[in-house]
Amino acid sequence: MIYKVISKTEFNRFLDALVGNNTAFGPCRVESNIQGEAIYQFRPVTSAAEIALEYSVTASSAKHFFLPFREELSRFMFHGEEWEQLVACEADPIVLIGLRACDIAALNILDDVLLNGNFPSPYYLARRKNTFVIGIDHLPLVDCFCKSMNHHTVPTGFNLFCSDIGEEYYLSINSSKAFSFLKEFESREPGTRENRLLMERRNLIKKSFQTEIEVSGLPDILDIEFDSPVWEKWGAKCLNCGSCAMVCPTCYCYSVTESFACNQQGSSRQKTLYSCNLVDFAQVAGGHNFRPKNGDRLKYRYYHQHRGFAENANQQICVGCNRCGRTCLAGINPKDVINDLRMEKESCTTGDSSSPTSR
Ligand code: SF4
Ligand code: SF4
């Protein structure tokens, strides 16, 4: 890692040059919510002025640049008795500006799943290696809990990461490409003062979290509470809309469909992102549904996020962005569900009758 300090004015010049010469996306204000608060999404940008660097959070995560909602995996062409398969997994280079530390941590988790397993995804790899990622730190929102998940800072997974130290950015440069792009612009080595400002900034971010979730031992609690009435309580509220998985930066479940051309001369195999909360997620041929109940589907989403992955990869898959909680029309969020599970376990251990499901 190489560290530099750059003035914000010079950094804007750098961004102008970068987005002027590349296909680039950054956070932009797209709407306001009912309270008049800005809603941000990643959108195409052609100048630094279009990028809302001071944004709070994007409603959807940056996952869709790497895992599009729908993509064609392959195409088959039939020629008489012969057939051929076409697989297109190239990706054009893009620049992605303004990712938060937890969003980059989410990409590192997706890397583990989609690149480091027995069957790496060439589709994901093509996009990941052709994406220049610029991260930027921020003060947490009132409901962010990424510190609880230890993802409020990120050491890898980006080309360049900017920490706001007042009039300047403290840059962490993590790729030769970023280093050579920056050479054209005025920057300097950080000194004692800038190092102190960086530490102060990091401490401020750490102290600003207002939402904490106790996640230690959570995989065990999930095991113990497998049949807990907590799942029924929250499942009864769930609308099965799947929005939580769509906005989540680490949910990657999908379905595959095959469409045949009417003239029988070819077919297309498509992958579509899916959610384990959707009613037919566990439905198989013949119509049997292994998870017909809302509570069971909700439970398995939490198991995947906080237990299954922890068992296989020694980390929970949730990064604590709380996008799922913000988007859920039924008011279901990780903090309340996990706290209920903990209380339920406590009440079973102590015999306390005020369990969360009796309220
Ligand atoms: S967003 Fe809320 S209501 Fe919709 S599937 Fe997820 S938990 Fe259920
Ligand atoms: S808080 Fe919700 S949306 Fe964010 S990573 Fe965790 S499960 Fe996904």
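The numbers here are math on the coordinates, done by the rules we state, and not lab data. Here the structure is a predicted model, which means the values were calculated and not measured. Methodologically, a virtual Cβ is constructed for each residue, glycine included, from the backbone with ideal geometry; neighbour enumeration extends over all protein chains shown.
Relative contact order, percent, of region 2-207 when contacts are C-alpha pairs under 8 Å separated by at least 6 residues? Display every interim value, and only then the final one.
Details: 306 pairs, mean separation 51.3, N = 206.
For region 2-207, the relative contact order is 25 percent.
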Would you mind ranking K207, K147, K8 by Cβ crowding within 10 Å, fewest neighbours first? K207, K8, K147
How big is region 119-242 by Rg and Dmax over its Cα atoms, in Å? 20.3, 61
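Per-residue counts of other Cβ atoms within 10 Å, averaged by peptide: what ranking do you get for 212-219, 32-39, highest first? All intermediate terms of the calculation are to be shown ahead of the outcome.
Values: 212-219: 14.6, 32-39: 9.1.
Order by mean packing, descending: 212-219, 32-39.
Taking a threshold of 26 Å on the Cα-Cα distance, which of the pairs K129/K271; K147/K177; K237/K345; K183/K207; K63/K147; K4/K206 fall above it? List each step's numbers first, then the result.
On the way: K129/K271 21 Å; K147/K177 30 Å; K237/K345 21 Å; K183/K207 35 Å; K63/K147 20 Å; K4/K206 22 Å.
Flagged as over cut-off: K147/K177; K183/K207.
Name the helices (complete DSSP H segments) of the chain with a Cα length along the long axis of 18 Å or more and a Kyte-Doolittle mean of at least 0.0, or state none. Mind dumping the intermediate values first?
Details: long enough: 8-21 (20 Å, -0.31); 101-114 (20 Å, 1.32); 192-207 (22 Å, -1.42); 334-350 (24 Å, -0.98).
Helices meeting the span and hydropathy rule in the chain are 101-114.
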Ranked K233, K183, criterion: other C-beta atoms within 10 Å, fewest first: K183, K233
Given the C-alpha centroids of region 110-183 and region 208-282, what is the distance between them in whole angstrom? 24
Net charge near T272, counting Lys/Arg +1 and Asp/Glu -1 over other residues with Cβ under 9 Å of its Cβ? +1
Return the calculated 222 nm mean residue ellipticity for the chain, to the nearest 500 deg cm²/dmol, obtained by summing -39500 (n - 2.57) across DSSP H runs with n ≥ 4 and dividing by the residue count. -9500 deg cm²/dmol
How compact and how long is region 218-358, expressed as Rg and Dmax of its alpha-carbon atoms in Å? 17.6, 68
Within 10 Å of each residue's Cβ, count the other Cβ atoms and sort D227, D296, D340, D280 from fewest upward. D227, D280, D296, D340
Toy charge model, Lys and Arg Cβ at +1, Asp and Glu Cβ at -1: the chain dipole around Cα centroid in debye, rounded to 20, equals 360
Go from 0 up to the bin containing the longest alpha carbon distance in the chain, width 10 Å each, and give me the % of pairs per bin. 5, 21, 29, 24, 14, 6, 1, 0
Just the ratio, please: alpha-carbon radius of gyration of region 113-178 over 2.2 N^0.38 Å, N its number of residues. 1.38
